[in-house]
Structures are given as C-alpha cells and as structure tokens.
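**Q** One structure coming up, written as structure tokens, with questions to follow.
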Amino acid sequence: MSLPSRCAEWPTSRLAIGGAARAELPRNPFELVDLQRRRVAYLRLSVTDRCNYRCSYCMPAQGVDVVPRAELLNFEEMTKLVRVFVQLGVRRVRLTGGEPLVRRGVVDLVQQLAAIPGLDDLAMTTNGHLLAELAEPLRKAGLQRLNISIDTLDPQKFAEVSRGGALPPVLDGIAAAQRAGFASIKLNAVTLRGLNDDALLPLCDFAAREKLVLRLIEYMPIGVDAHWGPETWMPVAQARARVSAAYALEPDDSGEIPGGGPARYWRGRHLQTGQELRVGFIAAVSEKFCETCNRVRLSATGTLRECLSTRGVLSLRDLLRAGATEVELTAAIRDALAGKVDGHHYDAAEPTLESMSAIGG
Ligand code: SAM
Ligand code: SF4
C-alpha cells in the first residue's frame, strides 16, 4: 500500500531544498519535520561500507572490518526505502560510502533511483579512483552531480594520505566527469595541518583553472585517531587565511552553487593572475550548522542515522526483511526521527568511534 502523493493545495515550501531557514507550518502533513522544526529533505545513502582507499582521516591503517555481503541492503531494498523517504519529503539523495564506485552494479542502482518520481536531485561523493570508466555511464543513468575527494595534487603525498590510492586515476576521473557533462562537479579536501595544509593553494589553482568548485572541509572527530588534536586539527578560519594569501576573497551569497549544503561559499580572485575561484568552507566543528540540519543518513546495512555523531536509531533493513509495508516503514521512520538530536557536541570533545566509511560519510 502506498502513501497518498502530495496534494496540489498544500503550500509549497518557501525553503530552497537544503535551505537554512526553519520549516514553515502548515506544510504537507506527510513531510518529516523534527521537534526543532527542521525539515528533513536530504538523504545520504551509503551504498557500501567497502573502500579501495584507507584515508588516514577516515579509517585506521589496517582498514576496518566490513560486514558480510548478505547484511548489505540490495538495490531493490535501497530503491524501496528511497521511495519511502521521497514520500516523506526528501528531495535530494547523495550516494556515498565507503566508496560507492566499488559496489558492483552501482550504475544500475543510479538508474533505478533516478526514475523515482519526486526525487529532484541525485548526486554522489566518490574518491574518483574508478571514475574514468564510470563517469559517462553514471551520467547517462541519471546521476546529476558529483563531489570528488582530492586532498593534494602531490602524487606521493596523495598515496600517503589515501594509503594505497593513486593520483593519476583520480585526475583522469575528474577529466572524464567534465566530459560527461554533470550539472555540477565539486572537489572535496579535508584540511589537516601537517598533512595537506601546503596543498591548499595548489588545489585552489587547479580548481580555478578547471572551473570547478573546491570545498575545504574541517576534520571531524569520527573514527578517532591521531588527527584529533591541536597539532593537526585546522579550523576553517585558518584554511581561509591560507587561501587569502593568494586570492582576494569575498562572500558569495549568490546561491548559484547547487547543492545547498552546509558549505559557506566565497569568490576568489588570484592576486597576481586575476584567475577566478569558487571555494566553499565546511566548518562542521568550529562554526557548526546543526540548527539548520536537513539531512539523515542510511548506512549500507540499512541503519537510519539522525546525525553523524549518534548511533543508528533504527534498522530499516530488518523491518523490510520482516515484511513491513510502506505505511509501516513510514511510521517507523517518522517515530525514529521526530526526536532528531539538536546537534553534535564535537566541540566538547565528544568523538564518534565508528569510521566515516562505516557510517556513510
Ligand atoms: N569514498 C568517498 C570519498 O572519499 O569521497 C565517499 C565516502 S567519504 C566517507 C565522504 C567524504 O567524507 C569525503 O569527502 C571524505 O574526505 C570525508 N571525510 C572522511 N572522513 C572525514 C573526517 N573524519 N572528517 C571530515 N571529513 C571526512
Ligand atoms: Fe575511502 Fe572515502 Fe574514507 Fe577515503 S574518505 S577511506 S576514499 S571512504
């Protein structure tokens, strides 16, 4: 049995998807609005807990234990759950992991999800290692936007940070994505002092030259390792200061950059060459944005997570495999998310012990 679809007379929100304001009531009564009146409009779906890299800020050097394949959601289950989330007002889905491109058949999954009515935006975050071959099929299957992680342009440093990764295939992947015609391609770099702080300006120059948006991401204490400490942790204010050494920056409030996530964007102009740059800073810890959070996460094993900083609240896989109907799934999701936590407390040294790859970052 399916839920009634959106009624024509319900007012459409004045909130942009991913927008910063609180939800306005009354709204579509089937949409998810938590006790803080934050509307859940964005789902990050982990398609696998496996990864071909072991980035030093994401997981330990020896890697992490992966779950048996039978415990992962299959594509039919993922599609069914995304359909339920869309009924509940989710308009954007981002595929992540682990590394989404190591999941066999991921292009078929994209095709199934892209066909869901009401899903406005389907995106993926990838390390780009397998993108050279997959960019075009993914685009053709209906993937609209891509974020590609790249922490440095120094091949040796790249191999060190990613522990076994390699820069050339990622650069080839970026080029293939540009040729494939995605609606937007952004580059993601986690900033860590001593790890890649000297790589930020070369990354800016690369992004400016390639006309790609660069996002510099503050390290979050997840999977807790040696990076969480005053020697390595770098607040975005410092990353911005480094960029300012070569680029004149001014806030970009144009709203032109698609995605509407937590990044604050700036326009840069190179002080010598005049080359233009679009750069976003994600300050999850130093300038946390929990009060405008519009997202939830679904792990590769089907666990619903209201916040990166908390444990999963519900196994949707177990419900599905026990034969739950869409109505029952909807009720369970609504119950689980009604009390979505008001925010994380990483600033008070409260780390999450699971790795980002296992959670689905
Ligand atoms: N494997 C894909 C990738 O690396 O793009 C997708 C999954 S990865 C967990 C998603 C994003 O989380 C990447 O941009 C990665 O750099 C970022 N990330 C991983 N661990 C992080 C941490 N502890 N703090 C902040 N960002 C992190
Ligand atoms: Fe893998 Fe992405 Fe984590 Fe790196 S950040 S180890 S590529 S999941």
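**Q** Just flag the trypsin sites (Lys or Arg not before Pro) in region 195-268 sitting in loop per DSSP whose Cβ has no more than 14 other Cβ atoms within 10 Å.
**A** LYS211
**Q** With θ set to phi - 60°, apply the Karplus curve 6.51 cos²θ - 1.76 cosθ + 1.60 along region 199-212 and write out the HN-Hα couplings as whole Hz, x wherever there is a Gly or Pro.
**A** 9, 5, 5, x, 5, 4, 4, 4, 4, 5, 5, 8, 6, 10
**Q** Among 90-98, 328-336, how do they line up from the highest to the lowest mean number of other beta-carbon atoms within 10 Å?
**A** Result, highest mean first: 90-98, 328-336.
**Q** Moving to a separate point now. Describe numerically, in nm with one decimal, the distance between label points set 7 Å from Cα along Cα→Cβ at GLU256 and at GLN156.
**A** Here the answer is 4.0 nm between the modelled labels.
**Q** Considering only protein heavy atoms, what is the solvent-accessible area of TYR265 at a probe of 1.4 Å, reported in Å² to the nearest 10?
**A** Surface open to solvent at TYR265 totals about 30 Å².
**Q** For region 164-311, calculate the relative contact order in percent as a whole number, restricting contacts to Cα pairs under 8 Å that are 6 or more residues apart.
**A** RCO, region 164-311: 21 percent.
**Q** Given the convex hull over the Cα atoms of region 38-359, what projected area results after averaging over all orientations, in nm²?
**A** Value for region 38-359: 15.4 nm².
**Q** State, to one decimal in nm, how far the label point of GLN238 lies from the label point of ARG104, with both points 7 Å from Cα in the Cβ direction.
**A** Going by the 7 Å Cα→Cβ label model, 4.5 nm.
**Q** Okay, next question. Once R0 is set to 56 Å, what does the formula 1/(1 + (r/R0)^6) return for the Cβ-Cβ distance between ARG269 and ALA331, expressed as a FRET efficiency to the nearest 0.05?
**A** The formula returns an efficiency of 0.60 here.
**Q** Evaluate the relative contact order of region 191-259 (contact order divided by residue number), counting alpha-carbon pairs under 8 angstrom at least 6 apart; express in whole percent.
**A** Here the relative contact order equals 40 percent.
**Q** May I ask you to work out the translational diffusion coefficient for region 29-127 at 20 °C, viscosity 1.002 mPa s, via Stokes-Einstein with Rh from the Kirkwood sum over Cα pairs, reported in whole µm²/s?
**A** Approximately 146 µm²/s, per Stokes-Einstein.
**Q** Leaving ligands, DNA and RNA out of it, rank ASP121, ASP318 by accessible area with a 1.4 Å probe, largest first.
**A** ASP318, ASP121
**Q** When a/c reaches 1.5 or more, the comparison of a/b and b/c decides; with that in mind, is region 155-309 rounded, prolate or oblate per its Cα gyration tensor?
**A** Rounded, since a/c falls under 1.5.
**Q** Then there is this: Taking a probe of 1.4 angstrom, what is the accessible area of LYS80 in Å², to the nearest 10?
**A** Accessible surface of LYS80 is approximately 70 Å².
**Q** Along the principal axes of its C-alpha atoms, what lengths does region 242-341 span, in descending order and rounded to whole Å?
**A** Principal-axis extents of region 242-341 (Cα, largest first): 63, 23, 22 Å.
**Q** Return the distance in nm (one decimal) between the two label points of a simple spin-label model at ASP65 and ALA322, each offset 7 Å from Cα along Cα→Cβ.
**A** About 2.4 nm separates the two model spin labels.
**Q** Run through every distinct alpha carbon pair of region 80-119 and return the Kirkwood hydrodynamic radius in angstroms, one decimal place.
**A** The Cα-based Kirkwood calculation yields 10.9 Å.
The values are calculated or read from the model by the stated rules, or taken from the named source; none is laboratory data. These numbers come from a predicted model, not from an experiment. Ideal geometry is used to build each Cβ from the backbone, glycine not excepted, and the neighbour counts take in all protein chains shown. Protein only, heavy atoms only, side chains kept; ligands, DNA and RNA dropped before computing areas. Shrake-Rupley method; radii C 1.70, N 1.55, O 1.52, S 1.80 Å.
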